[in-house]
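Undergrad: Got a structure for you, questions after.
Each reported figure results from applying straightforward, stated rules to the coordinates on display, with no laboratory input. Just so you know, these numbers come straight off a predicted model, no measurement behind them. Cβ placement follows ideal geometry from the backbone for every residue including glycine, while neighbour counts extend to all protein chains displayed.
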Amino acid sequence: MRRVSVIIAAYNVEAYIGRAIASVQAQTVSDLEILIVDDASRDGTATLVNHLASTDPRIRLLSQPENRGPSAARNRAVREAEGEWVAVLDADDAWRPERLEKLLELAGETGAEAVADNQILFDDSVKRESGVAFTFADRKITLDAEALFSRSNPLELGILKMMFRRSMLAEHGLAYDESLRFAEDLKLLCEFVLGGGRVMITNDAYYIYTTPVGHITRTQSSGTRSETSRRSILAILDGLVAKYAERITPAIKAGLERCRRITIQRWTAGEITRLRRQKDYGRLLLFLVSHPEGAARYVTTSSTWKRRLGRGAPNPETTGR
């Protein structure tokens, strides 16, 4: 049995997949396999992976007959995996060479069934790092259901890329939701902890995350394949409430309700911004009248309105845009 199975879902990522694979090959842990699931790409992704596989027997290419999305691709890779651990890597991301070594050490020290690290933010347009995603209170934190949903915004941890003990996924019947093409990582994390799994997170950052929009340039990454779907998040929250009703404590319920409010607020802000930019003032007025609470929050937090009212510099973190 291999120590780690690295799984990569790939769709039209010929320009990125080589970097991702090279970062795995450079790991200080060599007892691994690399499973790339080509999700019916139309570019040279499969050809490139086949070439790399001819030079490294640890690489396996699995081909999907039709495009079914990242969840289906990852589930297939998990089914084919032989490793004790399953580590997820997005095709346009990369790892520091010591990532797997550090995560395996963390798992061994704590006995956790899943481990993750902080993320290094990467602006693809200028190929530069722009800081880290999170500032956790401690160098290591335990994340169970209570801890996750007690956070001010549990949704933000959905971008973490976990390394799961494969037997834990099998024993609890956990898999990626193949109906989702957005926030599938978030749902699996929530189901993992609500099912009793324990996650350990280190504040140290070894995962290089290519942000959908660069924090330096504010330009969309050409490697981004998913589109934000607030509807998907609301469906995830409703599904968690229905499936895990007996395990939802008052604290977890409050956290789920907070997630719902955040999601609706961001959807409202996004709709107002879209209509304003389209100069569709008639529909914008109707939307503002029908969503007064969201409209009030938008006016008080939007960077555009703050500039017009002389209330300071733009703050993209509060606008939901």
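Undergrad: Arrange M168, M1 by Cβ neighbour counts within 10 Å, fewest through most, would you? Kindly include the intermediate steps, with their values, before the conclusion.
TA: Working: M168 19, M1 9.
Fewest to most other Cβ atoms nearby, the residues stand as M1, M168.
Undergrad: What whole number of Å gives the distance from the Cα centroid of segment 220-287 to the Cα centroid of segment 135-153?
TA: Their Cα centres are 21 Å away from one another.
Undergrad: List the trypsin sites (Lys or Arg not before Pro) within segment 231-299 that fall in a DSSP loop (any state other than H, G, I, E or B) and whose Cβ has at most 14 other Cβ atoms within 10 Å. Before the final figure, lay out the partial values.
TA: Numbers: sites: R231, K243, R247, K253, R258, R260, R261, R266, R274, R276, R277, K279, R283, R297; in loops: K279.
Filter output for segment 231-299: K279.
Undergrad: Only sites in a loop by DSSP and with at most 16 other Cβ atoms within 10 Å count here; which chymotrypsin sites (Phe, Trp or Tyr not before Pro) in segment 147-190 make the cut? Working shown, then result.
TA: Details: sites: F149, F164, Y176, F182; in loops: Y176, F182.
Those that pass, being in a loop and sparsely packed, number zero.
Undergrad: Name the most mobile residue of G270, G18, G195, meaning the one with the largest mean-square fluctuation, in a Gaussian network model of the chain with Cα contacts below 10 Å.
TA: Its mean-square fluctuation being the largest, the pick is G270.
Undergrad: Something else: Give the percent of DSSP beta bridges with both residues in segment 22-141 that are antiparallel, rounded to the nearest 5. Walk me through the numbers on the way to the answer.
TA: Numbers: 3 of 8 bridges.
DSSP beta bridges in segment 22-141 are roughly 40 percent antiparallel.
Undergrad: For C190, C259, which order do you get if you count the other beta carbons within 10 Å of each Cβ and list the fewest first?
TA: Fewest-to-most ranking of C190, C259: C259, C190.
Undergrad: For the cross-link pairs K187/K243; K102/K253; K102/K161; K187/K253; K127/K161; K161/K253, which exceed 23 Å when the distance is taken from alpha carbon to alpha carbon?
TA: In this structure, K102/K253; K161/K253 lie more than 23 Å apart at Cα.
Undergrad: Which loop trypsin sites (Lys or Arg not before Pro) in segment 58-127, with loop taken from DSSP, have no more than 12 other Cβ atoms within 10 angstrom of their Cβ? Display every interim value, and only then the final one.
TA: On the way: sites: R58, R60, R68, R74, R76, R79, R99, K102, K127; in loops: R58, R68, K127.
Passing both the DSSP loop test and the Cβ count: K127.
Undergrad: While we're looking at this one, here's another question. Take every DSSP beta bridge whose two residues both sit in the chain, then give the antiparallel share in percent to the nearest 5. Before the final figure, lay out the partial values.
TA: Working: 15 of 40 bridges.
Once the DSSP bridges in the chain are tallied, antiparallel ones form about 40 percent.
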